[in-house]
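*Asks:* There's a structure below that I have some questions on.
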Amino acid sequence: MHRVAAVLALLLIAKLAVIAPAQAAERLEVKIYHAELGPFIQTLADGRRIMVKIDVYFPDTLVYRGPEEGLGTVNFTITTNWTGPWDGIVTVQVVDPGYHIDPTTFKPVESVNAWAEGGDTVGTGALHIASGAYTGSVKNMTVVLRPHERYFTAPSGEYTAQYFFKARLAFFKPDGSKVLGGDVNIYTDSETAPMIKLIVVKEPEAGGDNRLAGSIALNAGIAAAVVAVGYAVVEYLVRRKRG
């Protein structure tokens, strides 16, 4: 069964200062927000119910920080009541606002022109085989957003974009066989998914060509703070489900 998760309740949990390039002569304030997707209930063929809740911690501003760090990170905490093995794939995309979901891929039609994308796996990411699947009830994941060509070729400036969050999960029996009805697909739509700001900064090379500035970075203290708030315990958030 496929379910659309609406991101409705956003809670600001931190403000971080990002060091900008020297030529920009300014500091950028990045706000870290928490959004809750679900909880969602999947009823199996035998009447059992799988509960899935996803907490997402994301920055409201993305700036290129180098090949390893990309544009920034989005942290996920997935909680379930399932006691057997389960696996999954988490995807984050940064696309133009007002995106439309492709009914066959359950991703934005605008994915072909996305600004950035990243992903991670719960276990091995194998949705049809339990080998290497995860067995805990809580899974913490960090997704690094890698910029697409569009980001590098865009003129310097600020752009408004929107997040797309998706988790495709599969649940298995203790013997490793697939649970009948044990596929859960949770994703956001553009009506309630959070908006973000993209900052493109370029600096001239010798000869007049432009390249993306590689001097944007988080200092060690800020990086530690990002990790700390990523899995912080936060207050209960109001939420609802779309069919």
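The values are calculated or read from the model by the stated rules, or taken from the named source; none is laboratory data. Quick caveat: nothing in here was measured; it's all calculated off a predicted structure. So basically every Cβ, Gly included, is an ideal-geometry build from the backbone, and we count neighbours across all protein chains shown. Remember, those area values only see protein heavy atoms, side chains included, never the ligands or the DNA or RNA. Shrake-Rupley method; radii C 1.70, N 1.55, O 1.52, S 1.80 Å.
*Asks:* Could you please tell me which pairs satisfy a Cβ distance under 8 Å, a separation of 6+ or placement on different chains, a first residue in segment 100-126 that is without any contact (Cβ under 8 Å) to a residue 12 or more places away in the chain, and a second residue that is in a strand (DSSP E or B)?
*Replies:* That search, which allows pairs on different chains as well, returns Asp102/Pro108; Val109/Ile101.
*Asks:* Still on this structure: Just give me the residues in segment 172-182 being touching a Pro at 6+ places or on another chain (Cβ under 8 Å) and open to solvent by less than 10 Å² (accessible area, probe 1.4 Å), in sequence order.
*Replies:* The one that is touching a Pro at 6+ places or on another chain (Cβ under 8 Å) and open to solvent by less than 10 Å² (accessible area, probe 1.4 Å): Phe172.
*Asks:* Then there is this: Determine, yes or no, whether Thr142 is polar (S, T, N, Q), part of a loop (DSSP other than H, G, I, E, B), assigned by the TED database to the domain that holds Gly66 and open to solvent by 10 Å² or more (accessible area, probe 1.4 Å).
*Replies:* No; evaluated as a whole, the condition is false for this residue.
*Asks:* Which of the strands (runs of 3 or more DSSP E) found entirely inside segment 43-97 contain at least 1 residues meeting this: within 16 Å of Thr121 (Cα to Cα), assigned by the TED database to the domain that holds Ser177 and under 11 Å from the mean Cα position of the chain (by Cα)?
*Replies:* Passing ranges, in order: 49-59, 73-80, 86-95.
*Asks:* Let me ask something else. Of all residues in segment 31-79, which are open to solvent by 10 Å² or more (accessible area, probe 1.4 Å) and touching a Pro at 6+ places or on another chain (Cβ under 9 Å)?
*Replies:* Lys31, Ile32, Tyr33, Met51, Lys53, Asp60, Tyr64, Thr73, Thr79
*Asks:* Another question about this same structure. Of the conditions (1) in contact (Cβ under 8 Å) with a residue 40 or more places away in the chain; (2) within 30 Å of Leu180 (Cβ to Cβ), Leu62 fails just one. Which one is it?
*Replies:* All conditions pass for Leu62, except number (2).
*Asks:* Give the residue, chosen from Phe164, Phe152, Phe106, Phe172, that is at positive phi, assigned by the TED database to the domain that holds Glu69 and among the aromatic types (Phe, Trp, Tyr). I'd like the intermediate steps shown before the answer.
*Replies:* Numbers: Phe164 fails: at positive phi; Phe152 fails: at positive phi; Phe172 fails: at positive phi.
Among Phe164, Phe152, Phe106, Phe172, only Phe106 is at positive phi, assigned by the TED database to the domain that holds Glu69 and among the aromatic types (Phe, Trp, Tyr).
*Asks:* Out of (1) touching a Pro at 6+ places or on another chain (Cβ under 9 Å); (2) among the hydroxyl-bearing types (Ser, Thr, Tyr); (3) surrounded by 16 or more Cβ atoms within 10 Å (Cβ to Cβ), the odd one out for Thr135 is which?
*Replies:* Evaluating Thr135 over (1) touching a Pro at 6+ places or on another chain (Cβ under 9 Å); (2) among the hydroxyl-bearing types (Ser, Thr, Tyr); (3) surrounded by 16 or more Cβ atoms within 10 Å (Cβ to Cβ) leaves (3) as the failure.
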